[in-house]
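Structure, as structure tokens:
Every number here is computed from the coordinates shown, using simple stated rules; none is lab data. As the structure is a prediction and not an experimental result, all values here were calculated from the model.
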Amino acid sequence: MIPSVALLDTGQLSAMAAGSPELLLPILDDFESSARESLGAIRSALAGNPEPDSRSLLHQLKGSSGSLGLIEFHELCARSEAAARQGAPLDPALPDQLEDLLESSARAARHYLQGEN
């Protein structure tokens, strides 16, 4: 099944690729790996570990995903960060939701970039 490009801002993704999409693939891989680590830290914070700052992690994920054109992931991070900034507790299901969205968004971005080759 071909992943949906509706998850992406293809204009932003193309701009980041700058005509060389194969060069953006390792950056996408690095983002996906570091995002998974951040999601693990958010899980830890939700489990009561006060060390990770979920708001800061969501802010970083929001910025990086927006730069890569992962628009749905970016928007969920932005909404969650804004709610946390206003004092709302994070939904315990948020890390799983973000992880699923990360996987589908990264798959869609890879497919899109490889289709440009």
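Data overview
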quantity	calculated
Hull shadow area, averaged, the chain [alpha-carbon convex hull, nm²]	7.0
Choice from LEU90, LEU23, LEU13 showing the highest fluctuation, given a GNM over the chain with Cα pairs closer than 10 Å	LEU23
Longest to shortest principal axis, alpha-carbon extents of region 20-70, angstrom	43, 16, 13
